[in-house]
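Read the structure below first, then the notes.
The values are calculated or read from the model by the stated rules, or taken from the named source; none is laboratory data. Predicted model, so just to flag it, every value in this text is computed and none were measured. Don't worry about glycine lacking a Cβ; one is built from the backbone with ideal geometry, like all the others, and counts go over all protein chains shown. Remember, those area values only see protein heavy atoms, side chains included, never the ligands or the DNA or RNA. Shrake-Rupley method; radii C 1.70, N 1.55, O 1.52, S 1.80 Å.
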Amino acid sequence: MSEDVFGIDLGTTYSAIAHMDEYGRPQIIQNRDGQNTTPSVVYFESASNFVVGQEAKNGARVYPDETVSLIKREMGEKNERIFFDQPFYPETISSLILKQLVTEAQEATGSTSSKVVITVPAYFGLGEKESTRQAGQIAGLDVVGILAEPVAAALSVGITSAQDKCYFVYDLGGGTFDCTVLRVTQNAFEVVATDGNRKLGGADWDEALFDLVLSKFVQESGIDDDPAADPEFYQGLMNDVETAKKTLSKKEKARLRCSYEGVQAVIFVTKEEFEAATRHLLNETLDIVQRTLDAATSKVPGLNIDEVLLVGGSSRMPQVAEGLSSRFPWPLRNTEFDLAVAQGAAIYGSGVQPAVSDGDGGEGSAAPADDLPMLGSGQEIVLDGRQVTFTNVLSKSVGVRFFNKKTKEHYIGFLAHAQDKLPVHTTMTAFTIEDHQTSVELQLYEQSGEAESQEVEHNKRITPEGVDPRITGLPDLPEGSPIELTLSITNEGLASLHAVEPTSGHELTLEASLSTMQPEELEQARGIVSRMDISI
């Protein structure tokens, strides 16, 4: 058991961990509360103690300043929180969730392994993937892979490359939504197109139902105050709403009891009312489905979807299957919903082959940790006794900042676009903007919004920190002199830009800055987390 590779679904609202049992089957490992999933909520009890899970979630509204939830939505962003005079970034907070999951898994299985495969939405960009990997490192884990969630979901239902098929993965989790067209052929899993919304998920359905129940309660009771301003009322009703949402997936009506300052009422909500209040959310997912399909068919004309895999706990809602069936003529297939991704990650982890050193640092040597490949992007593993290749697409467009002389404004010119198959190697010619130019500045950017936009503020700067991004010492160039640009993005999603001024031969290479955390911040985070204990 010591060589277990744990598969982790690091979810926005709930997380899960799995491993392969003695019979070679993926098995979810229950937490100390006997539950298959753990709320992705962290409560900072003291400078040395933290609480992860249901207990932290229960007190989220009562202790809002010490509790963090939905942290997955911030991965890849430079957001700092201070708890007990210590800095905590999204990577650090996520590491606490990972630390709890693995600690409980080790206790339950008797394993001493710290090897993990962590899943991410397929539309995560370079920075979000790197942040996820760093979260594992901060937790003291050996991250042997970062795996796209739709690929993990497909593996969980026993899909192999024995038969050529095309799947559409609809993954509606608690806080994120992910769509992927996945083509499975002989010995290969190929992501054709992917899209999603990192800030759309079951939590938004909860909020809509909360507002509906609150409105009914205020109307029926005649209260002038806003009960939602009371932390205990809010937290209690939010917990009840989450239960009522599950009830409405099975029954036509849900019953909730509301109490505020001595005023009590029983509120009934029908399935029809709930679906009407959340129809705009469902339609948003269906629009993304169409957008993903359009991207896939533009790359593969005549592409046919054989089956839809329903993934994520929120995909259990009947309105999801009904909405998909009303707009798309595809057969639907249920997975284990909120458990499928962790199970698939465990299957993937069981097939990861350890790097073996040949003794002289040549081919076959183990890669250093910082060069860890992003699994699901051109990586080979062993499944059912044969080599299977996983290829991915670029989830976010990557470009260079240019200057428009007519508008006198900067804009982003994209060299690689979302849905481009990895690896990417593309070239273009840019030109100097004025006479007597002796230097050229190069700034790399990655798309940050859902859609590609040339406006600089809609993109994220990924030029490496601490590097002068200029070619200097150029001859006295006239306006319109060419600068040759080459953008390369590896199977692992690592981007580099090479620029050459042809008359002088002066050149510059920039490696994309993937991490929001500086090396000293990463080391500090490791120290902080290593000193913190899990409260039981």
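Of the DSSP beta bridges with both residues in the chain, give the percent that are antiparallel, rounding to the nearest 5. Intermediate values should be presented prior to the final figure.
Working: 82 of 106 bridges.
Here the share of antiparallel DSSP bridges comes out near 75 percent.
With viscosity set to 1.306 mPa s and temperature to 10 °C, compute the Stokes-Einstein D of the stretch 95-239, Rh being the Kirkwood radius across alpha carbon pairs; µm²/s, no decimals.
On the way: Rh = 18.5 Å.
Estimated diffusion coefficient is 86 µm²/s.
Hey, how many Å between the Cα centroid of the stretch 239-279 and the Cα centroid of the stretch 174-206?
Going from one Cα centre to the other spans 29 Å.
Hey, if you put +1 on the Cβ of every Lys and Arg and -1 on every Asp and Glu Cβ in the chain, which of L477, M517, S95 ends up farthest toward the positive end of that dipole?
Going by the charge dipole, the pick is S95.
For the stretch 1-86, which semi-axes, largest first and in whole Å, follow from the square roots of 5 times the eigenvalues of its Cα gyration tensor?
Details: eigenvalues 161, 43, 30 Å².
Working from the Cα gyration tensor, I get semi-axes of 28, 15, 12 Å.
Tell me, what % of the accessible area of the stretch 375-480 is carbon and sulfur with a 1.4 angstrom probe? It would help to have the intermediate numbers written out before the result.
Working: 2510 of 5410 Å².
Of the solvent-accessible surface of the stretch 375-480, carbon and sulfur hold 46 percent.
Which values, in whole Å and largest first, are the semi-axes of the equivalent ellipsoid of the stretch 408-524 obtained as the square root of 5 times each eigenvalue of the Cα gyration tensor? Let's see the in-between values first.
Values: eigenvalues 131, 62, 45 Å².
So the equivalent ellipsoid measures 26, 18, 15 Å along its semi-axes.
Restricting to DSSP H runs of at least four residues, report the calculated mean residue ellipticity at 222 nm for the chain, -39500 (n - 2.57) per run over all residues, nearest 500 deg cm²/dmol.
On the way: 11 runs with 145 residues, N = 536.
After summing the helix terms and dividing by the residues of the chain, the value is -8500 deg cm²/dmol.
How large is ³J(HN,Hα), in whole Hz, for each residue of the stretch 206-214 in order, when computed from phi with the Karplus curve 6.51 cos²θ - 1.76 cosθ + 1.60 and θ = phi - 60°, using x for Gly and Pro?
4, 5, 5, 5, 4, 4, 5, 5, 4
Out of the stretch 173-257, which GluC sites (Glu not before Pro) are coil in DSSP terms and have no more than 15 other C-beta atoms within 10 Å?
Details: sites: E190, E207, E220, E232, E242, E252; in loops: E252.
Answer in residue order: E252.
Each residue of the stretch 100-113 in turn: what ³J(HN,Hα) in whole Hz from Karplus with 6.51, -1.76, 1.60 and θ = phi - 60°, glycine and Pro shown as x?
5, 4, 6, 4, 5, 5, 5, 5, 6, 9, x, 7, 9, 6
By how many degrees, between 0 and 90 and to the nearest 10, does the Cα long axis of helix 340-351 differ from the longest principal axis of the chain?
Relative to the chain, helix 340-351 is tipped by roughly 50 degrees.
Take the alpha carbon atoms of the stretch 439-497, find their center, do the same for the stretch 291-310, and report the distance between the two centers in whole angstrom.
32 Å
Listed here are the pairs K78/K245; K115/K246; K72/K115; K99/K396; which of them are more than 24 Å apart at the Cα? Before the final figure, lay out the partial values.
Details: K78/K245 34 Å; K115/K246 34 Å; K72/K115 21 Å; K99/K396 29 Å.
Distance filter (> 24 Å) returns K78/K245; K115/K246; K99/K396.
With a probe of 1.4 Å, find how much accessible area the chain has per residue, and write the answer as a whole number in Å².
Working: 23010 Å² over 536 residues.
Here the residues of the chain average 43 Å² of exposed surface.
Can you find, among S156, F177, A451, the residue sitting farthest towards the positive end of the charge dipole of the chain, where Lys and Arg contribute +1 and Asp and Glu -1 at Cβ?
About the Cα centre, the residue reaching furthest to the positive side is S156.
So which of K129/K271; K299/K405; K129/K299; K199/K460 end up more than 27 Å apart, counting from Cα to Cα? If you can, show how the numbers build up before the last one.
Values: K129/K271 38 Å; K299/K405 34 Å; K129/K299 25 Å; K199/K460 17 Å.
Check vs 27 Å cut-off fails for K129/K271; K299/K405.
Using only Cα atoms and rounding to the nearest 10 degrees, what angle (0 to 90) does helix 519-530 make with the longest principal axis of the chain?
The two axes meet at around 30 degrees.
Starting from the Cα coordinates of the stretch 36-135, work out the convex hull volume and express it per residue in Å³.
Values: hull volume 11.5 nm³, N = 100.
With only Cα atoms used, the stretch 36-135 gives 115 Å³ per residue.
Which option, (1) 40, 28, 26; (2) 40, 25, 23; (3) 44, 28, 22, is the value of semi-axes √(5λ) of the Cα gyration tensor in Å that was calculated from these coordinates?
(1)
Sequence gap at least 6, Cα distance under 8 Å: using those rules, report the relative contact order of the chain to the nearest whole percent. Mind dumping the intermediate values first?
Details: 1170 pairs, mean separation 85.3, N = 536.
Here the relative contact order equals 16 percent.
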